[in-house]
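Comments concern the structure below.
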Amino acid sequence: MRQKVCMVGLGYVGFPTACVIANAGYSVLGVDINEKIISNIYEGNYMAWEPQLKDLSIKQIDSGNLRLSTKIESSDIYIITVQTPLDRDNKPNIFYVRSAIETIQPHLKNGDLVLIESTCPIGTTETIAKAVRGTYASGICLAYCPERVLPGNIVDELICNSRIVGGVDKESGMQAANFYDSFVRGEVEITDARTAEAVKLIENSYRDINIAYANELSMLADQVNLNIHTLIRLANKHPRVNILQPGPGVGGHCIAIDPYFLASAAPEFSTLILKAREVNIHKTNWVIQKINKQAQENNVKTIACLGMSYKANVSDTRESSAIKIIDSLKKDFNIMAIDPYVNGIVPINDILIEADMIVRLVAHDIFLDIPNHLLEKKIFLDFTGVLPK
Ligand code: SAJ
């Protein structure tokens, strides 16, 4: 008989994962407490920026392999993909993971497999395993299996990326690996749950630290009148140097968040990790100051801000630096914020004509080829790290 999978949380990871698993032949129930998400999925306008996802989801829903509901049903495998936000004091909050576990608990039976994909502080899965096995069936397998997908290319990355599966014991690791092996083409490597939790956090902190270096260099270069694009391009010709691109700050729900999860394990040994966060946050404030200064010196009244999402070619605005910048500029200037992914398609050229100043905050493809005549007699500032044409 086909195995039944219950995907708890249909966010930007849970929904595409549910589709990919359904496509691999499992009978999948996608569950979310937010009815709006479910109706958006049925209407075909959920995560519209992900190539392949719409076709894949329609196919899986039509075939009956993928069903959607606000209620959990008894299954063989449960995958937790709910959000794990930060509290005000930057402490990880795993309320939604705990609550998801509580909701599935009455359905759990010996032999079931529970997989946690949500980003978690080190030790979470072991603590949950003790509670679940102690209260309910001791024969339940549990593993922490972080996702590594890059928004904008999720379906391919879900299938092709390698995976780490961290079992709370040997049997759990084996069961989890067998499951992911059935639909992932990349390598699936078994480790323990705490290591798997930490691996996810060090991957994203690594990227945050590297972006912080690029962001710091961009401010330093500006101070000493050097071109940051030329500097990075030339430095990257060294065979062992690969500096990333500076931007208006780091957004999204992963890289701007996960370093705090990692640092919470041992703050006294997380100096560099937390400093990188500070640098990336400071970069956003630096951009705001830069725009303000230029605008005031040139008596600017209307600024067109290109981009609102947290990165190029997606509509996700979580932790978006562009939004922070726009909100701050709104206090002193007339702001026209344009983002086809976030506030719909607008006649960009008409808007640009009206602006005294144009600020590019997100490198959406559509913003990369602004005709030169629209920029003439305008102040044009670019903070996307994209090389000027
Ligand atoms: N950014 C820069 N300069 C760069 C690269 C990125 O300023 O050179 C900025 C982006 O504009 C954006 C932020 O960093 O604001 C994060 O974007 P991203 O594309 O680096 O990463 P995410 O948050 O979309 O996805 C990351 C990925 N992690 C890594 O690359 C290590 C992804 O593989 C993870 O699955 C995802 O986090 C996650 O869910 O944790």
Over the chain, with every protein chain in place, what whole percent of the accessible area is carbon and sulfur at 1.4 Å, could you tell me? 52
In whole Å, what three semi-axes, largest first, describe the equivalent ellipsoid of segment 4-197 built from its Cα gyration tensor (square root of 5 times each eigenvalue)? 24, 18, 17
Cα centroid separation - segment 23-47 against segment 335-389, whole Å: 34
Solvent-accessible area of K311, probe 1.4 Å, all protein chains present, reported in Å² to the nearest ten, please. 60
What value, in deg cm²/dmol to 500, does the helix sum -39500 (n - 2.57) over DSSP H runs of n ≥ 4 give at 222 nm once divided by the residues of the chain? -13000 deg cm²/dmol
Give the share of C-alpha pairs in each 10 angstrom bin for the chain, from 0 to the last occupied bin, in whole percents, shortest bins first. 5, 21, 28, 23, 15, 6, 1, 0
So how far apart, in nm, are the two label points at I159 and E297 if each is 7 Å from Cα heading toward Cβ? 5.2
Given backbone amide H placed at 1.01 Å from N, residues whose amide H is under 5 Å from that of R360, ignoring those fewer than 5 places away on the same chain, are L306, L381, D382, F383
From the cross-link list K36/K331; K330/K378; K59/K311; K293/K331, which pairs have alpha carbons spaced over 21 Å apart? K36/K331; K59/K311
Report the label-to-label distance for N227 and N34 in nanometres (one decimal), using points 7 Å from each Cα along the Cα→Cβ vector. 4.3
Probe 1.4 Å, all protein chains present, accessible-area order of L220, L53, largest first: L220, L53
What are the ³J(HN,Hα) values, in whole Hz, obtained from phi via the Karplus relation 6.51 cos²θ - 1.76 cosθ + 1.60 with θ = phi - 60°, for each residue of segment 362-374 in sequence order, with x given for Gly and Pro? 9, 8, 4, 3, 5, 9, 8, 10, 6, x, 4, 5, 6
Quick one: which of 76-84, 337-345, 261-269 comes out on top by average Cβ neighbours within 10 Å, and what's the full order, highest first? 76-84, 337-345, 261-269
Accessible area (Å², per residue) of segment 204-382, counting only protein heavy atoms and a probe of 1.4 Å: 51
Ordering V31, V224 by the accessible surface of their heavy atoms, 1.4 Å probe, largest first, yields V224, V31
Counting only DSSP beta bridges fully inside the chain, the antiparallel percentage to nearest 5 is 5
Long-range amide H contacts for Y78: which residues qualify at under 5 Å (H placed 1.01 Å from N, peptide plane, sequence gap of 5 or more or a different chain)? C6, L113, V114, L115
Using DSSP, restrict attention to beta bridges with both residues in segment 4-197 and report what percent are antiparallel, rounded to the nearest 5. 10
For segment 348-357, take each phi angle, set θ = phi - 60°, evaluate the Karplus expression 6.51 cos²θ - 1.76 cosθ + 1.60, and give the result in whole Hz per residue in order, putting x for glycine and proline. 3, 4, 4, 5, 4, 4, 6, 7, 8, 9
On each of the three principal axes of the Cα atoms of segment 268-376, give max minus min coordinate, whole Å, ordered largest first. 53, 32, 23
Per the Kirkwood formula on distinct C-alpha pairs, the Rh of segment 1-63 is how many angstrom? 11.7
Quick one: how many Å² of T191 are accessible to a 1.4 Å probe, rounded to 10? 40
What do you reckon, how do R2, R360, R240 stack up by accessible area (1.4 Å probe), largest on top? R240, R2, R360
Could you give the spread of the C-alpha atoms of segment 209-252 along their three principal axes, from largest to smallest, in whole angstroms? 29, 25, 12
Per-pair calculated FRET efficiency, R0 = 51 Å: S138 and L368 via Cβ, rounded to 0.05: 0.35
Amide H neighbours of V188 under 5 Å, at least 5 residues apart or on other chains, H built in the peptide plane: list them. R163
Gain in length, N45 to K330, computed as 0.36 nm per residue apart minus the alpha-carbon separation, to one decimal in nm? 99.6 nm
Average accessible surface area per residue within segment 41-180, 1.4 Å rolling probe, Å²: 45
Simple Cβ-charge dipole of segment 204-382, Lys/Arg +1 and Asp/Glu -1, about Cα centre, in debye nearest 20: 360
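The values are calculated or read from the model by the stated rules, or taken from the named source; none is laboratory data. Every value quoted in this text rests on a predicted model; they were computed, and no experiment measured them. FYI the Cβ positions are ideal-geometry reconstructions off the backbone, even for glycines, and counts take in every protein chain you see. When the accessible area is computed, the model is the full protein with side chains, heavy atoms only, and any ligands, DNA or RNA have been set aside. Shrake-Rupley method; radii C 1.70, N 1.55, O 1.52, S 1.80 Å.
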